[in-house]
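Heads up: the structure comes next, in structure tokens.
The values are calculated or read from the model by the stated rules, or taken from the named source; none is laboratory data. Here the structure is a predicted model, which is why all the values come from computation and not from measurement. As a convention, Cβ positions derive from the backbone with ideal geometry for all residues, glycine included, and neighbour counts pool all protein chains shown.
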Amino acid sequence: MNMKKNKTIYAFWAILLLLSINVFAQESQKIYLSGTDKDHTVQWDFFCNKGMNSGKWTKIAVPSNWELQGFGKYSYGTENRKEETKADEQGLYKHTFDVPKTWKSQRVFIVFEGSMTDTEVKINGKLAGDVHQGGFYQFQYEVTSLLKTGKNLLEVKVNKASANKSIDVAERHGDFWAFGGIYRPVYLEVVPQSFIERLAIDAKADGNFSVDVFTSKTNVNQSIDVQVQTLSGQNVGTLFSSKINPSETKTVLKQAFQQVKLWNAETPNLYQAKISLKDEKGIIHSRTQRFGFRSIEVRKRDGIYVNGVKVMLRGSNRHSFNPETGRTTSKELSIKDVKLMQEMNMNAVRMSHYPPDIHFLDVCDSLGLYVMDELTGWQNKYDTIPGRKLVKEVVIRDVNHPAILFWDNGNEGGWNRDLDKDFELYDPQKRPVFHPWERFNGFDSKHYITYNYLANAVLYDKDIMMPTEFMHGLYDGGHGAGLEDFWDLMLNHPHCSGGFLWSFVDEAVVRTDKNGILDGFGNNAPDGILGPHREKEASFYAIKEIWSPVRITKKYLPRTFDGKLPVENHYSFTDLNQCTFEWQLVSFPKPSDKSLATIINQTGKPSFTSIPAGETGYLKLNLPNNWTDSEALYLKAIDPNGKELFTWSWVIPEKEESTTKVIVSKGVNTKVEANEESNFLTIKADNVTYIFDKNTGCLTKVNNSKSDISLSNGPSLAGVNLSLKSFKHYATTNGYEVSVSYGGDGGYFNVWWKFVTNQPVEMSYQYSQKGDADFMGITFNYPEKEITGMKWLGRGPYRVWKNRMKGLQYGVWHKDYNDAITGEDFQYPEFKGYHSDLKWVVIETKESAFTVYAEDENMFLQMLQPQKPKGATNDNTSPPFPTGNIGFLNAISPIGAKFNPANLYGPQSQKNMMLNYTPIKGKLLFDFKNKAIEN
């Protein structure tokens, strides 16, 4: 080889090596000893002293909660209040790692992002520092002097129960699962001798930027440079610097910037600050920190202002939780959760009841979600000395996240008031401190308020209304039920700032000690909008519509509709001309069609002008003249980022011809036959036999060419006991009719059956009833064990309650039979329950399918009766159902929540009442021929 060329190559690689060492020294090194999340773990040696798989050394995944790995004892927080049920096992961890020679001139810290609960750390047999107490906080030790080149031994002792009584009751006696173990990552951070410890940024909406730079082992020859950049690395403004004062650990640098893009939840604009510690030789150490320019202001008797604009928080409470891994999560799960919240049109989240994973806050920053970050304390508070340490740990970790608007000092009585001023010691932004559930600092955050409490606050209260927990989501109640009434009232409150639903997901955990069942600990944990694996309950879509920043309240379209649709803009910063709107005119398959696909007849986009944030206006849809030839109108709103806000659907008013005239089958006209016996009337039409009980006036059975159809005991007036007054039947010029009349103190009920060949059986009825009613309408009985599914045209696919009608779409739907109990087996959508705006339904059975058509608007289908949840301790979340199990109802029951019955949740949550006893008329058409009738 040419020697000159060879020397050149050697020189090149030497220079490259020196450059890489210099860069290597500038940035902190992070070396993971554990895995990084629930999906990427590292096996450590492990010994558990009690419970499952105890008394022996084995392996465990780190990070993890040890119960989910088959060790120790599962415990819900309330169980830890008693010695006989308390879980207090101890886990011992061992792990070896290598230290290279190059670290001799460096300083090394070991960082634990979270360990439950008391954690003792040893390196090579020597203590790294005091035992850390507090299971939800990041902590670290400098271990430079404990390390040796080559193999090193890490030993960690974790006590699930804390030796500090206040920590134990604040963290482990709460209404949530109390796990054990090293559940967040562990890593080594390698830095130079002089280095930047941490940063605290305050970047205001007016462009003023300030950063507190905390350094260690500095000297007079060193200085700090700050360069603000876009996230892509493009410089913003000029670099600015400050000399170091070695007697101070903090250096404050300030600069003003012009025309910066502000951060808010609607436009989460982020920057980064590159902070460098340097001397005359160059950069010694640097850190890069993301941040956002934004300001927070609480105006008493008014509300919350972000960047000078009033905001309404639409949020939920969120536990850091995954069924298979407990509190060990991942960034992918954080992204999924934030996107699910935003899909529901939420703009805020409250951390319940502890600081979340760092990556969750990162995602809130980047995708845009306002955050309440919380110090743990569930109805019990930390003592002042340990509490001060934990306040510092949460604030210094999270201070630079623009998404955080508030610091929560505990929850529901878990406030140590002596800690309130500690938050601002580490937060140059001086964010407001909150006491969830208390009147504090100008806020009323009372939990689980009633509608009347809120109405009284609208009239008389001076504090800002912002319940940090409301609409408790136990089982199928809470969240969406009553929310529309509450939200309407909140929007009219002179100083309301929104609220937070309880809670995001059902915290049902996989029990490795019980063959992998999902355990929600009775009625304590199944209170989410989503199931534990993020299964969407009906309230998910109700919230999505109610909290859509594009609000459309028009319920019905008249035939004279001119295409102008009133629209409200509930964004804080976004003009609706930044959104996109699309409409469709659609028709639907017939009952006999195999396809469920909606038929799109025409599409278009509205004419649109500006509707600024907080204002109202009109969308001009530009519908064609023949728009009434379709069956429904769909309108989709899409936000500036391409996300669907909601798709509204309206039934187009029917033409004059009735369903009876439309659905006529072709066939040979045959005579309708009637045969009367002592107790029964038998009618045969189109080879279908109908049997009536003359003593009750009810249909008792149907038989077609295939089999019996066990539809019986109907029609009965739901929930009303009446006496049979008359039962008449007679031939007509084109068929046969049966007339039945009932009466009594509860009202009256009249029924007319018409049998005509080649037409569906027509049943008309009229009733009037007295007093309040949980439900109103007519019912039949059918054996539940024979039902296999249903296909229907109406709003779906989820069931409804009187106080939760939002979130559904009009169309053709299908569901197989299930016996799902919301919050206990997580199979959605549930089959049983009330279904709204029924037009027709094919009831699929083991005997023979049959079809029922509804001639009237606003008809509810009752499909069987849901079971009461096994863990329910009251009937608030198990609304009344009629005795009959297939009903066609004009009014249905509302649902309550864990702590309150339905009637405390507003106008939509009251019982039904007939005013002036005006009779209700209805008509149903039945096809029992084992083939749905075609046009």
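Going through (1) surrounded by 20 or more Cβ atoms within 10 Å (Cβ to Cβ); (2) within 13 Å of the chain's Cα centre (by Cα); (3) assigned to a loop (DSSP other than H, G, I, E, B); (4) at pLDDT 95 or above one by one, Arg534 falls short only on (1).
Can you give me the number of residues within region 896-923 that are hydrophobic (A, V, I, L, M, F, W, C) and in contact with a Lys or Arg (Cβ under 9 Å, 6 or more places away or on another chain)? Break it down into steps so the answer makes sense when it comes.
As a first pass, look at region 896-923 and keep what is hydrophobic (A, V, I, L, M, F, W, C): 897, 899, 902, 904, 913-915, 920.
Those left that are additionally in contact with a Lys or Arg (Cβ under 9 Å, 6 or more places away or on another chain): 902, 914.
Total satisfying the criteria: 2.
Every residue, every condition in (1) more than 44 Å from the chain's Cα centre (by Cα); (2) surrounded by 14 or more Cβ atoms within 10 Å (Cβ to Cβ); (3) at pLDDT 95 or above; (4) assigned to a helix (DSSP H, G or I), yes or no:
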position: Lys7; (1), (2), (3), (4): yes, no, no, yes
position: Phe46; (1), (2), (3), (4): no, yes, yes, no
position: Gly55; (1), (2), (3), (4): no, no, yes, no
position: Glu83; (1), (2), (3), (4): no, no, no, no
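Table: residues versus (1) of a type in the set (S, T, N, Q); (2) buried (at least 24 other Cβ atoms within 10 Å of the Cβ); (3) touching a Gly at 6+ places or on another chain (Cβ under 9 Å).
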site	(1), (2), (3)
Pro467	no, yes, yes
Asp485	no, no, yes
Met490	no, no, yes
His495	no, no, yes
Trp502	no, yes, yes
Arg511	no, no, no
Asn515	yes, no, no
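In region 163-187, how many residues are over 19 Å from Lys50 (Cα atoms), in a loop (DSSP other than H, G, I, E, B) and more than 24 Å from the chain's Cα centre (by Cα)? Matching residues across region 163-187 total 3. From the residues in region 755-764 that are surrounded by fewer than 21 Cβ atoms within 10 Å (Cβ to Cβ) and in a strand (DSSP E or B), which one is modelled with the highest pLDDT? Looking at the filtered set, the residue picked out is Ser764. Within region 587-629, being touching a Phe, Trp or Tyr at 6+ places or on another chain (Cβ under 7 Å), part of a strand (DSSP E or B) and of a type in the set (Gly, Ala, Ser) holds for one residue alone: Gly604. For first residues located in region 614-630 and in contact (Cβ under 8 Å) with a residue 24 or more places away in the chain and under 14 Å from Pro653 (Cβ atoms), partners that are surrounded by 14 or more Cβ atoms within 10 Å (Cβ to Cβ) and among the hydroxyl-bearing types (Ser, Thr, Tyr) and lie 6+ apart or on another chain with Cβ distances below 8 Å form the pairs Ser630/Ser587.
So, in region 412-444, of the ones that are polar (S, T, N, Q) and under 24 Å from Asp202 (Cβ atoms), which residue ends up modelled with the lowest pLDDT? So that I can check it myself, show each step before the final result.
Within region 412-444, the subset polar (S, T, N, Q) is 416, 429, 441.
Checking the rest, the ones that are also under 24 Å from Asp202 (Cβ atoms) come to 429, 441.
Values: Gln429: 98, Asn441: 95.
Applying the filter and picking the extreme gives Asn441.
From the set of residues in region 427-451 that are among the basic types (Lys, Arg) and farther than 13 Å from Met465 by Cβ, which is surrounded by the most Cβ atoms within 10 Å (Cβ to Cβ)? Checked region 427-451; the qualifying residue surrounded by the most Cβ atoms within 10 Å (Cβ to Cβ) is Arg431. For residues in region 897-925 being aliphatic (A, V, I, L, M), at pLDDT 95 or above and part of a helix (DSSP H, G or I), which is nearest to the chain's Cα centre (by Cα)? Residue satisfying both the conditions and the ranking: Ala902.
Scanning region 220-258 for residues that are in contact (Cβ under 8 Å) with a residue 40 or more places away in the chain, in a loop (DSSP other than H, G, I, E, B) and over 36 Å from the mean Cα position of the chain (by Cα) yields Asn221, Gln222, Thr249, Phe257, Gln258.
Where residues in region 630-656 are touching a strand residue (DSSP E or B) at 6+ places or on another chain (Cβ under 9 Å) and outside any strand (DSSP E or B), which of them is nearest to Ser548 (Cα to Cα)? Please lay out each step first, then the result.
So the first thing to find is which residues in region 630-656 are touching a strand residue (DSSP E or B) at 6+ places or on another chain (Cβ under 9 Å), and the list is 630-640, 642, 644-652.
Now narrow it down to the ones that are outside any strand (DSSP E or B): 630-631, 639-640, 642, 652.
Working: Ser630: 26, Glu631: 25, Asp639: 10, Pro640: 14, Gly642: 14, Ile652: 23 Å.
By that ranking, first place goes to Asp639.
Residue count for region 547-568 satisfying the condition of being within 31 Å of the chain's Cα centre (by Cα) and farther than 26 Å from Met344 by Cα: 0. A Cβ distance below 6 Å, combined with a sequence gap of six or more or placement on separate chains, defines the contacts here; from region 20-41, residues that are farther than 17 Å from Lys59 by Cβ and in a loop (DSSP other than H, G, I, E, B) reach residues that are of a type in the set (Asp, Glu) and modelled with pLDDT of 95 or more in the pairs Ser28/Glu189.
In the set Gln584, Gln578, only one residue is under 30 Å from Trp840 (Cα atoms), surrounded by fewer than 20 Cβ atoms within 10 Å (Cβ to Cβ) and of a type outside the set (A, V, I, L, M); that residue is Gln584. The set of residues in region 896-919 being out of contact with any His (no Cβ under 8 Å at 6 or more places or on another chain), aliphatic (A, V, I, L, M) and either in contact (Cβ under 8 Å) with a residue 12 or more places away in the chain or surrounded by 16 or more Cβ atoms within 10 Å (Cβ to Cβ) (or both) consists of Ala902, Leu904, Met913, Met914. For the subset of region 546-581 comprising residues that are among the hydrophobic types (A, V, I, L, M, F, W, C) and in a loop (DSSP other than H, G, I, E, B), which member is nearest to Leu619 (Cα to Cα)? Once the filter is applied, the top-ranked residue is Ile552. Applying the criterion of being assigned to a loop (DSSP other than H, G, I, E, B) and crowded, with 20+ Cβ neighbours inside 10 Å to the residues of region 807-823, the residue that is farthest from the chain's Cα centre (by Cα) is Ile821. Sub-6 Å Cβ pairs linking a first residue in region 359-387 that is assigned by TED's automatic domain parsing to the domain that holds Met341 and without any contact (Cβ under 8 Å) to a residue 60 or more places away in the chain to a second residue that is β-branched (Val, Ile, Thr) and not in a helix (DSSP H, G or I), at least 6 apart or interchain, are Cys364/Val371; Val371/Val349; Val371/Ile404; Asp373/Ile404, ordered by first then second residue.
Is it true that Ser539 is of a type in the set (Ser, Thr, Tyr) and either at positive phi or touching a Gly at 6+ places or on another chain (Cβ under 8 Å) (or both)?
Spelling it out, Ser539 is indeed of a type in the set (Ser, Thr, Tyr) and either at positive phi or touching a Gly at 6+ places or on another chain (Cβ under 8 Å) (or both).
For Ser497, the conditions (1) at pLDDT 95 or above; (2) within 23 Å of Gly896 (Cα to Cα) are fulfilled apart from (2).
Kindly evaluate Glu79 against the criterion of being modelled with pLDDT of 95 or more and assigned to a helix (DSSP H, G or I). Spelling it out, it is not the case that Glu79 is modelled with pLDDT of 95 or more and assigned to a helix (DSSP H, G or I).
Within region 107-125, the set of residues being part of a strand (DSSP E or B) and farther than 19 Å from Ile396 by Cβ comprises Val108, Met116, Asp118, Glu120, Val121, Lys122, Ile123.
Just name the residue that is surrounded by the fewest Cβ atoms within 10 Å (Cβ to Cβ) out of those in region 363-378 that are β-branched (Val, Ile, Thr) and assigned to a strand (DSSP E or B). Show your work before the answer.
Our first condition is that a residue be β-branched (Val, Ile, Thr); within region 363-378, this holds for 363, 371, 376.
Add one more test, that the residue is assigned to a strand (DSSP E or B), and what stays is 371, 376.
Working: Val371: 24, Thr376: 28.
Here the answer is Val371.
Evaluation of Gln584 against the conditions (1) within 29 Å of Asp488 (Cα to Cα); (2) touching a strand residue (DSSP E or B) at 6+ places or on another chain (Cβ under 8 Å); (3) modelled with pLDDT under 95 shows that the sole unmet condition is (3). I'd like to check something: does region 191-202 contain any residue that is more than 30 Å from His40 (Cα to Cα), outside any strand (DSSP E or B) and touching a His at 6+ places or on another chain (Cβ under 8 Å)? Yes, region 191-202 contains at least one residue that is more than 30 Å from His40 (Cα to Cα), outside any strand (DSSP E or B) and touching a His at 6+ places or on another chain (Cβ under 8 Å).
Only one of the numbered conditions (1) of a type outside the set (A, V, I, L, M); (2) surrounded by fewer than 21 Cβ atoms within 10 Å (Cβ to Cβ); (3) in a loop (DSSP other than H, G, I, E, B); (4) not assigned by TED's automatic domain parsing to the domain that holds Leu722 is violated by Gly789, and that is (3).
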